[in-house]
Structures are given as structure tokens and as C-alpha cells.
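Undergrad: Got a structure for you, written out below as C-alpha cells; questions coming shortly.
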Amino acid sequence: MKQVFLIVLLGCVFATFAQKPQKQPTKQKSIPEKAYGKAEVQPQYPGGMEVLYRFIGENINYPEQAKANKVQGTVVLSFVIEKDGSVENVMVAKSLGSGCDEEAKRVLLAAGKWIPGTVDGEPVRVYFVMPFKYQLDDNEGTQERKK
């Protein structure tokens, strides 16, 4: 009787572990649409790049930490101009630190929408890279935007 019970028990244990696990339904991830490196018609800042450079020059602030530590150099931001002209996915491609990265992002986003790029007459996402040069004047600590 003990042997029969043991065989039945082992059979139940084997049957429990031998079953294939049921697949859990997977969540559908939306894959972001890829951005063009260059569109037939490139995105444009309203009024042109000179207007953008002027906006950046008038609105960017040299971070106090960077001034205090005499940090100079270039921050490079990568971003996507979306189909609606908005600036999205802003990432630091080259960091300078001391608050310069965050300030470059802030002023880029504050500049507002662009005129989107197009391919075959349709708006498309376009990838951009833009440098922001931080350079202290001899004694003032002001900044310039490299064109």
C-alpha cells in the first residue's frame, strides 16, 4: 500500500512539473518610428537658423557652477524634429557638465516648434545634432553661441 501511494504521489509530482508553462500574453510595445538623417526638405526653424541662433544667444545663461569653475567647451545635443515640428528625444551627445548640458537642453526646448522636414511631400521625423559652445570672456563670464 505504501508503494502504491508513493507511485501515485510521484506520478502527481511528475505530472505537475512536466506540464509546459503557459505563455503569458505579451504586452505590445509600440516601436517608435525611425527618424531620417536627412529629408528631401530639411526641417527649418521659422525665420531661419540666424533667428534660432539669435534666440539661443539672447536666452541661454552661463550656469553659475560653470562660471565658478571656469568650464568652457562644447555641449552637443542630438534631437528629433517630429512630424508636427516639435523638438523631442533631446539627448546629450557630448557633455560639458557643470549645468551646461541642462541649460543647452532648456534653451533648445524653449525655442519652440520648427517647420518639419518632408519626404515625398509628407512630414517626417528628422534627426538633428547641434553644438552649443560655452566660452567665457576674459573677465565677464558671458557666453557665445558658435554658428
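The values are calculated or read from the model by the stated rules, or taken from the named source; none is laboratory data. Keep in mind that what you see is a predicted model, and the values were worked out from it rather than measured. With ideal geometry, Cβ positions are generated from the backbone for all residues, glycine too; neighbour counts draw on all protein chains shown. SASA here: full protein model, heavy atoms, side chains in, ligands and nucleic acids out. Shrake-Rupley method; radii C 1.70, N 1.55, O 1.52, S 1.80 Å.
Undergrad: Does region 35-54 hold any residues that are surrounded by 11 or more Cβ atoms within 10 Å (Cβ to Cβ) and in contact with a strand residue (DSSP E or B) (Cβ under 7 Å, 6 or more places away or on another chain), and which are they?
TA: Those that are surrounded by 11 or more Cβ atoms within 10 Å (Cβ to Cβ) and in contact with a strand residue (DSSP E or B) (Cβ under 7 Å, 6 or more places away or on another chain): 35, 36, 39, 40, 41, 42, 43, 44, 46.
Undergrad: Further question on the same structure: So residue 96 passes all but one of these: (1) open to solvent by 60 Å² or more (accessible area, probe 1.4 Å); (2) under 20 Å from the mean Cα position of the chain (by Cα); (3) at pLDDT below 95; (4) aliphatic (A, V, I, L, M). Which condition number does it fail?
TA: Only one criterion is unmet by residue 96, namely (1).
Undergrad: Here's another thing I want to ask about it. Go through region 99-129 and report how many residues are within 14 Å of residue 44 (Cβ to Cβ) and surrounded by 14 or more Cβ atoms within 10 Å (Cβ to Cβ).
TA: Restricting attention to region 99-129, the residues satisfying the condition of being within 14 Å of residue 44 (Cβ to Cβ) are 111-118, 123-124, 126, 128.
Still in the list and also surrounded by 14 or more Cβ atoms within 10 Å (Cβ to Cβ): 111, 113-118, 123-124, 126, 128.
Residues meeting the conditions: 11.
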